[in-house]
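The values are calculated or read from the model by the stated rules, or taken from the named source; none is laboratory data. Here the structure is a predicted model, which means the values were calculated and not measured. Because the Cβ atoms are built from the backbone with ideal geometry, glycine has one as well, and the counts that use them run over all protein chains shown.
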C-alpha cells in the first residue's frame with residue numbers, strides 16, 4: 001500500500017474479452033416485449049443462461065434461489081415491489097455478491113425516482129429508450145470494474161469479513177487501477193468486522209490523497225460509534241454543505257443530533273432530506289418518530305402516512321409507522337382510525353410482540369383522548385400479563401408499557417420494568433435520560449433518579465466481580481459467576497461480551513473444550529440477535545474459530 005493512490009478509470013474492453021456465455025442473468029420487467037428485447041440484446045453478447053421475472057416479487061424469489069452475475073431491472077414494475085424496492089431488498093439481504101452487476105433500467109427521469117434508486121447504489125442507471133450499443137457498453141464497463149471483487153465473494157458470502165479485507169490487500173497489489181474501490185470495500189468490511197480503528201486508518205489514507213465524501217462519511221460514522229457526536233456532526237454538516245444530495249449524510253447528521261438530545265434539529269434535518277428523496281421508508285419512519293416525540297403532529301402524520309404508502313412492498317416495512325400514526329390520530333381524537341390502524345398492524349405483522357405493542361398503544365390512545373376508563377382496563381390487562389410472564393419485551397416496548405402503566409395509576413409494575421431496562425443497559429446514557437423523563441412525567445423524578453443510580457450500580461458490580469475473578473486467574477469461578485450474571489441480566493451487552501471473552505480466555509489457557517466453545521458461540525449468537533453489528537462480535541467469533549479451525553462457527557452464527 002505504499003505510493004500514491006490512483007483513481008484511474010477502467011480501460012475500454014470489447015465484449016469479446018468476456019465469456020458472457022457462462023454468466024447467469026436475470027431480466028426484470030413487467031412488459032413481456034421489453035424483457036424480450038433485453039433478452040435478445042444479451043443473447044447477442046453470447047449469453048445463454050437468462051432468467052426472467054415479470055414483477056419485483058418474482059425477482060426476489062429468483063434472487064433467493066440463484067446466484068446471478070448480472071441483473072437488469074426496470075424501475076416501474078406495476079403492482080407490488082418497484083425496482084428501487086428490489087434493489088433495497090437485495091442490499092438488505094445480500095442477495096448479490098460484490099462482483100455481481102445490477103443495472104437499473106427506467107423511463108423515469110424525476111429527481112424523486114432517480115434519488116430513491118441511487119441511495120441503494122445500482123451499478124448503473126440507464127434511461128429508456130436505450131440502444132443495444134449503450135446497454136452493452138455500460139454492462140461491459142461495469143462488469144470489468146466489478147470483477148476485481150470476485151476473489152472477495154466467498155469470504156463475503158460466509159460473512160468472514162476480516163478474511164475478505166485481507167483479500168482486498170492482495171487484490172490491490174494485483175489491480176492498482178482499482179485501488180480506490182478496493183480500499184473502500186476494505187474499510188466497509190473492517191467496519192462490519194468490528195475493527196473501526198483499522199477502518200479509520202484506511203479512510204484517513206484515502207483522504208490524504210483525495211477528498212472523497214464517502215471516506216469522510218466513514219470517518220463520521222466511526223466518530224459516532226466512539227460517542228464523539230459533536231465531531232461527527234461537524235463532518236456530516238460539512239458534507240451536506242458541499243453536496244446537498246448526499247442523503248446518507250443527512251441521516252447520520254440527524255442521528256448525531258438525537259444522540260446529543262437535539263431532537264428539533266434532528267427533525268429539521270430529516271424533513272429536509274425527506275423533501276429531496278421522499279421514497280425512503282426508513283427516513284420517513286425516523287422523521288415521524290422524532291416529530292411525534294416533539295409533539296409536532298402535523299409533520300409526524302405526513303411522514304407516517306408517506307412511510308406506509310411507500311413501504312407497502314418494501315423489505316424495510318415495519319409496524320412502527322402504523323403505531324406512530326395511531327398515536328397521532330389519538331392526539332387528534334380520531335380514535336376510530338387509530339384503532340383501525342392497530343388492527344391493520346396486527347394483521348400485517350402477526351407476532352406476539354406486535355400484539356403486545358398494539359395493546360399498549362391502544363391504552364395510550366384511550367388515555368390521550370380522555371377515555372380514562374378504557375385506558376385503565378387496558379392497563380390492568382397488561383399488568384396481569386406482566387405478572388404471568390417473567391420474560392420482558394424489547395426496550396422500546398418496555399418504555400411504552402411503563403409510560404402507560406404510570407399514566408393509569410399503577411406504580412410497582414412500571415418501576416420494576418424500568419429498573420430491568422436500566423440494569424440491562426446501565427452504560428447507555430441516552431436511554432437512561434429517556435427513563436428519567438418517564439419517571440419525571442410520573443412525578444417520581446427524585447425517586448426515579450435514586451432507582452437509576454442503584455440499578456446501574458447493581459449491574460456494574462455484577463459485571464465487575466466477574467472481571468475481577470478473571471483478571472486474578474480464577475477462570476472457572478469467573479465463568480460460573482458470569483453465567484449467573486447472564487441469567488439475571490440476559491440482555492446486558494457488556495456482561496454478554498465480557499462473559500464471551502472470559503470463556504475464550506478459559507479455552508486459551510485451559511485447553512479446548514467442546515461444551516465451553518458451544519456456550520461461547522451461544523452467547524455471541526444472542527448478542528448478534530439482540531443487537532446486530534456490534535464491534536466486538538466479529539473479533540470474538542474469529543478468536544473462537546481460531547481455537548478450533550476445524551469448526552466453522554462464524555457462518556453458523558451468521559445464519560442463526
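Being part of a loop (DSSP other than H, G, I, E, B) and either touching a helix residue (DSSP H, G or I) at 6+ places or on another chain (Cβ under 8 Å) or within 21 Å of residue 301 (Cβ to Cβ) (or both) is the filter here, so list the residues in the range 237-269 that pass it.
243, 244, 245, 246, 260, 261
For the range 162-174, how many residues are crowded, with 18+ Cβ neighbours inside 10 Å and under 14 Å from residue 147 (Cα atoms)?
4
Scan the range 178-224 residue by residue and report those that are surrounded by 17 or more Cβ atoms within 10 Å (Cβ to Cβ), assigned to a helix (DSSP H, G or I) and touching a residue at least 60 places away in the same chain (Cβ under 8 Å).
Of everything in the range 178-224, those that are surrounded by 17 or more Cβ atoms within 10 Å (Cβ to Cβ), assigned to a helix (DSSP H, G or I) and touching a residue at least 60 places away in the same chain (Cβ under 8 Å) turn out to be 178, 179, 180, 183, 185, 192, 196, 206.
Looking at (1) touching a helix residue (DSSP H, G or I) at 6+ places or on another chain (Cβ under 7 Å); (2) surrounded by fewer than 19 Cβ atoms within 10 Å (Cβ to Cβ); (3) in a helix (DSSP H, G or I), which one does residue 126 not meet, given that it meets all the others?
The failed condition is (3).
Could you say which residue among 321, 254, 326 is within 21 Å of the chain's Cα centre (by Cα), farther than 26 Å from residue 212 by Cα, crowded, with 21+ Cβ neighbours inside 10 Å and modelled with pLDDT of 95 or more?
321
For a quick check of your reading: which helices (runs of 4 or more DSSP H) sit entirely within the range 1-118 and have at least 3 residues that are modelled with pLDDT of 90 or more?
32-45, 56-65, 83-93
For the range 362-395, give me the residue count where each residue is within 22 Å of residue 340 (Cα to Cα) and touching a helix residue (DSSP H, G or I) at 6+ places or on another chain (Cβ under 9 Å).
Total satisfying the criteria: 19.
State all residues of the range 417-461 that are surrounded by 21 or more Cβ atoms within 10 Å (Cβ to Cβ), under 26 Å from residue 505 (Cβ atoms) and either without any contact (Cβ under 8 Å) to a residue 24 or more places away in the chain or touching a helix residue (DSSP H, G or I) at 6+ places or on another chain (Cβ under 7 Å) (or both); if no residue qualifies, say none.
Within the range 417-461, 423, 425, 426, 459 qualify.
Being modelled with pLDDT of 60 or more, over 24 Å from residue 95 (Cβ atoms) and either more than 22 Å from the chain's Cα centre (by Cα) or not assigned by TED's automatic domain parsing to the domain that holds residue 497 (or both) narrows it down to one of 540, 547, so name that one.
547
Across the range 67-87, which residue is surrounded by the most Cβ atoms within 10 Å (Cβ to Cβ) among those that are farther than 13 Å from residue 29 by Cβ, free of Cβ contacts under 8 Å to residues at least 60 places away in the same chain and touching a strand residue (DSSP E or B) at 6+ places or on another chain (Cβ under 6 Å)?
68
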